[in-house]
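Read the figures in this text as sums done on the coordinates, not as results from a lab. Note that this is a predicted model, so its numbers are computed, not measured. Don't worry about glycine lacking a Cβ; one is built from the backbone with ideal geometry, like all the others, and counts go over all protein chains shown.
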Amino acid sequence: MRGVLAALPKRPNWEVHRFSGVFERRKVTGYEGFEPLSVFTELGVVPRGSQDWSYKALGQSLSGYLLVEPGDLVFNKLRTWQGALGLSAYRGIVSPAYFVFRARVRIDPRYYHYLLRSSAWVQELKRLSKWMPPNQNDISWNDLKRMQVLVPPLAEQRAIADFLDRETARIDAIIVKKRRLAEVLRARFLEKARGLLTEGLQVKDPLDVRETESASAGSRKVVRLAWDFAFGSGTTPPAGDERYYGPGVPWLITGDLTDWEVPSVPRSVTQEALASYSALKIHPAGSLVIAMYGATVGRLGLVGFEFVTNQACCVLHSGTSLDVQFVFYWLLGHREALLLRGVGAGQPNISQEMIRSIRIAAPSRNEQMRLVKELNTYRDKTETSIDRLTRQIALLAEHRQALITAAVTGQMDISSAA
């Protein structure tokens, strides 16, 4: 941290202390009846129940969980390097995999909430963290307690915290509005898609259309997906085996699906993998892929190249009476109905057999292509607007972080900024 501190302007009466000189570690247990809390990089410390944790059950015993009081700083040891830390406004308990700190000296803990989440200190926390497989980092108390932190006079800490409370709240409110607008644009597009695809139809279940319902739309006919498409899936060769992963055939997993075209994938499997695992079938370009389970369940993708998949993907290809993009939009517009068919505790799972049983009302192939063209045009306009909002949100987030870093390190005059 000396390099970071050396680059900062010297402020009168600002001191530099070790972290352990400002905070003490608290390990109070035995409060298992209190509300569980969690720490997120964006949200800081929040009640666990305020987020979607239904698929991650708590341990049977919470007796080892640590007590957190309002005003304590809480660190997720495995994600501190990503900024997963913050000031708690709640009384509750956290996992023993967290750190809980209480101030040793008279400070404004809000200042340290901002200081330790500033870009300079997040980088230092990342440097102090030790990599742990798989894909985790851990920070130890011995390393953390030696980290240096700034200690401005208490009045300046309060002034900086007040300023940042006000300014970050203003920026966050703008970000929330832009995210909501993006959600509205997506919802309008899906409503448009459903309206076009089912125009003239009155159906109880859009994924199980009956012949009598289809008759109300004139020339449409009911097609079960299994009647028209070839279906497939895949598997996962042993991870880390160099014989199976490398130059070869693109290997698509559910995380590659974005509800639109899949331009490429970062992984591929070798010819030896194809020879060793018969479930690794090569699927043709122009296929539709559906995620069947996991965090991405129900997500879709149109693939424009030959590929293989893992076992969580269902692949549809080689349709005759159904256009694959028409089916893509039908499933995208009715994804809620698709997920309602899912089974399993916590997250829903959908099966290939369930997807095969879906029955939709299809117009002629030419009419399908006309509808797809109209939806592509409308979607392009929608995505252009959403992309613009996304860039604006990224700039606001960047400005927010720069403002925090400048304020907590004394690089800006808070009084003139206010």
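Per-residue ellipticity at 222 nm from helix content only, as computed over the chain with -39500 (n - 2.57) for each DSSP H run of at least four residues, stands at -11500 deg cm²/dmol. Excluding same-chain neighbours fewer than eight residues apart, the lysines reachable from residue 130 by a Cα-Cα span under 20 Å are 77, 145.
The packing ranking, built from the mean of other Cβ atoms within 10 Å per residue, places the peptides 92-100, 189-197 in the order 92-100, 189-197, highest first. Taking the centroid of alpha carbons for each part, the range 138-206 and the range 297-326 are 32 Å apart. Under 15 Å of direct C-alpha separation, and excluding same-chain neighbours fewer than eight residues apart, residue 192 reaches these aspartates and glutamates: 183, 374, 380, 383. Only one of (i) -0.43, -0.81; (ii) -0.31, -0.63; (iii) -0.50, -0.89 was calculated from the structure for log10 I(q)/I(0) by the Debye sum over Cα atoms at q = 0.07, 0.10 Å⁻¹, and its label is (iii).
Using the structure shown, select from 27/126; 221/373; 177/221; 204/373 the pairs with a Cα to Cα distance greater than 32 angstrom.
Among 27/126; 221/373; 177/221; 204/373, the Cα-Cα distance tops 32 Å for 177/221.
Each Cα pair under 8 Å and six or more residues apart adds its sequence gap; the mean of these over the residue count of the chain is a relative contact order of 16 percent.
Take every DSSP beta bridge whose two residues both sit in the chain; close to 85 percent of them are antiparallel. When its C-alpha radius of gyration is set against 2.2 N^0.38 Å (N residues), the range 187-368 gives a value of 1.08.
When each of the peptides 301-313, 238-250 is scored by how many other beta carbons lie within 10 Å of its residues on average, the order from highest to lowest is 301-313, 238-250. About the centre of its Cα atoms, the chain shows a dipole size close to 880 debye [charges on the beta carbon of Lys, Arg (+1) and Asp, Glu (-1) only; nearest 20 debye].
If you model the range 2-152 as an ellipsoid using its alpha carbon gyration tensor, with each semi-axis the square root of five times an eigenvalue, the axes come out at 27, 17, 13 Å, biggest first.
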